[in-house]
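The structure under discussion is supplied below as structure tokens; questions concerning it will follow.
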Amino acid sequence: MSSVEAQPRSVSQTEQYEKCGWRFYLQRVERVTPRPAAWSFHGTAFHAAAEAVEKSGRAIGEEEAVQIFSDRYSALVNEALNREPDTDRWLAAGHKGGEDIERRYTLGQKHTAEYVRWADRNQPEIWNDSTWNGYDISEADLSVTEGIELYFMVELGGVKVRGYIDQLVLREDGKVRPRDLKTGSTKSKFQLWTYGFAARKAWGLDVEDADWYLAKDGRLSRPVRMDATTEQEIERRYADMDAGVKRGDFPANPGFDCKFCDLSHACRFSRG
């Protein structure tokens with residue numbers, strides 16, 4: 001059995017396979033090097049800054065948070081430029097590659113500063129497991145799990161599924177809400193549903209809904225209810241993807257999305 005057949009699955013793997021099995025094959029079986037995209041580094045650097053803010057108990061202010069974003073973004077871009085110095089080959093929607101690199105540096109700084117202001121105004125409470133049956137385990141010098149970039153590994157549909165939840169926040173009624181931080185416009189309910197079921201399975205949490213923090217707008221989305229799907233439906237999607245990979249079935253799906261595919265340069269089906 002190959003490594004890609006044996007490894008745990010994730011939201012991104014499953015959605016990639018569902019959208020275009022051949023892209024999955026090129027990236028995860030053939031290991032083709034993708035073209036860089038500044039939007040990816042924008043998202044990664046923003047997450048790093050937001051994580052630092054939350055893990056500091058929001059002691060980090062706007063200036064320091066923006067510096068964390070700037071340093072991480074610059075490091076990621078410079079690393080990618082060493083691999084692909086021709087910015088005309090970079091993916092960029094509606095912009096030239098070099099322009100998009102500069103644009104997203106400034107935009108990401110703006111998003112980061114606004115997140116700090118938003119968090120200070122709204123004071124969302126991050127979940128942790130420091131209390132159990134009313135006993136404060138933190139006083140017993142035991143490890144406390146905190147709902148920031150929280151790793152999980154659960155079984156769904158007989159498939160091991162792993163990932164990281166950006167945030168688990170407490171609602172006013174004490175229930176827990178998974179939250180994903182988005183710098184782009186693409187939102188995945190499948191991702192939020194996976195996080196909700198994972199939080200239930202891994203930590204026994206009472207989860208009724210999940211939402212996104214939308215960095216482009218500096219606000220939260222409307223909550224996505226867990227009862228809008230079923231655990232069986234989510235399990236089916238992971239099981240179908242896992243089975244397809246194991247039997248070597250990687251159907252291509254050429255079309256509009258080829259324009260935004262970072263592997264189109266190596267794809268014989270591409271219409272990009």
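The values are calculated or read from the model by the stated rules, or taken from the named source; none is laboratory data. Computed from a predicted model, the values in this text were never measured in an experiment. Glycine also receives a Cβ, built like all others from the backbone with ideal geometry; neighbour counts cover every protein chain displayed. When the accessible area is computed, the model is the full protein with side chains, heavy atoms only, and any ligands, DNA or RNA have been set aside. Shrake-Rupley method; radii C 1.70, N 1.55, O 1.52, S 1.80 Å.
When you go through VAL11, VAL4, VAL29 one by one, which is the residue that is closer than 30 Å to GLU235 by Cα and touching a Ser or Thr at 6+ places or on another chain (Cβ under 6 Å)? Walk me through it before giving the result.
Numbers: VAL4 fails: touching a Ser or Thr at 6+ places or on another chain (Cβ under 6 Å); VAL29 fails: touching a Ser or Thr at 6+ places or on another chain (Cβ under 6 Å).
Only one candidate passes the filter, namely VAL11.
Being part of a loop (DSSP other than H, G, I, E, B) and touching a helix residue (DSSP H, G or I) at 6+ places or on another chain (Cβ under 7 Å) is the filter here; which residues of segment 82-95 pass it?
If the condition is that a residue be part of a loop (DSSP other than H, G, I, E, B) and touching a helix residue (DSSP H, G or I) at 6+ places or on another chain (Cβ under 7 Å), then TRP90, ALA92, ALA93, HIS95 are the ones that fit.
Within segment 248-258, which residues are open to solvent by 80 Å² or more (accessible area, probe 1.4 Å) and in contact (Cβ under 8 Å) with a residue 60 or more places away in the chain? Walk me through how you get there before you give the answer.
Of the residues in segment 248-258, the ones open to solvent by 80 Å² or more (accessible area, probe 1.4 Å) are 253, 256-257.
Those that are open to solvent by 80 Å² or more (accessible area, probe 1.4 Å) and in contact (Cβ under 8 Å) with a residue 60 or more places away in the chain: ASN253, ASP257.
Would you pick out the residues in segment 107-125 that are part of a helix (DSSP H, G or I) and within 13 Å of ARG58 (Cβ to Cβ)? Before you say what the answer is, go through the steps one by one.
Keep residues of segment 107-125 that are part of a helix (DSSP H, G or I), which gives 107-122.
Answer for segment 107-125, where residues must be part of a helix (DSSP H, G or I) and within 13 Å of ARG58 (Cβ to Cβ): TYR115, VAL116, ARG117, TRP118, ALA119, ASP120, ARG121, ASN122.
While we're on this one: Could you check how many residues of segment 9-38 are of a type outside the set (S, T, N, Q) and surrounded by fewer than 15 Cβ atoms within 10 Å (Cβ to Cβ)?
The total comes to 3.
Quick one: in segment 104-123, of everything that is among the basic types (Lys, Arg) and without any contact (Cβ under 8 Å) to a residue 24 or more places away in the chain, which residue is farthest from ALA48 (Cα to Cα)? Talk me through it step by step, then tell me what you get.
Narrowing segment 104-123 to residues among the basic types (Lys, Arg): 104, 110, 117, 121.
With without any contact (Cβ under 8 Å) to a residue 24 or more places away in the chain added as a condition, the list becomes 110, 121.
On the way: LYS110: 15, ARG121: 20 Å.
Looking at residues that are among the basic types (Lys, Arg) and without any contact (Cβ under 8 Å) to a residue 24 or more places away in the chain, I get ARG121.
Right, next: Give the residues of segment 90-106 that are at pLDDT 95 or above and surrounded by fewer than 18 Cβ atoms within 10 Å (Cβ to Cβ), sorted by residue number.
GLY98, GLU99, GLU102, ARG103, THR106
For every residue, the table says whether it meets (1) modelled with pLDDT under 95; (2) surrounded by fewer than 18 Cβ atoms within 10 Å (Cβ to Cβ); (3) not hydroxyl-bearing (Ser, Thr, Tyr).
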| residue | (1), (2), (3) |
| --- | --- |
| ARG177 | no, no, yes |
| ALA198 | no, no, yes |
| ALA202 | yes, yes, yes |
| SER221 | no, yes, no |
| THR230 | no, yes, no |
| ARG237 | no, no, yes |
| ASP240 | no, yes, yes |
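Looking only at residues in segment 165-203 that are touching a helix residue (DSSP H, G or I) at 6+ places or on another chain (Cβ under 9 Å) and of a type in the set (Phe, Trp, Tyr), which one is farthest from ALA37 (Cα to Cα)?
Restricting to residues being touching a helix residue (DSSP H, G or I) at 6+ places or on another chain (Cβ under 9 Å) and of a type in the set (Phe, Trp, Tyr), the top hit is PHE197.
State whether the residues of segment 115-131 include one that is over 22 Å from TRP212 (Cβ atoms), in contact with a helix residue (DSSP H, G or I) (Cβ under 6 Å, 6 or more places away or on another chain) and either of a type outside the set (Gly, Ala, Ser) or open to solvent by less than 20 Å² (accessible area, probe 1.4 Å) (or both).
Checked segment 115-131: no residue is over 22 Å from TRP212 (Cβ atoms), in contact with a helix residue (DSSP H, G or I) (Cβ under 6 Å, 6 or more places away or on another chain) and either of a type outside the set (Gly, Ala, Ser) or open to solvent by less than 20 Å² (accessible area, probe 1.4 Å) (or both).
Still on this structure, I have one more. I'd like to verify a number: residues in segment 208-227 that are closer than 23 Å to TYR115 by Cβ, touching a residue at least 12 places away in the same chain (Cβ under 8 Å), not in a strand (DSSP E or B) and not small (Gly, Ala, Ser), how many?
Final tally of qualifying residues: 2.
For segment 25-43, what are the residues that are without any contact (Cβ under 8 Å) to a residue 60 or more places away in the chain and within 16 Å of the chain's Cα centre (by Cα)?
Result: SER40, single match.
Give me the residue from segment 50-89 that is of a type in the set (S, T, N, Q) and open to solvent by 60 Å² or more (accessible area, probe 1.4 Å) and, out of that set, nearest to LEU181 (Cα to Cα).
The qualifying residue nearest to LEU181 (Cα to Cα) is GLN67.
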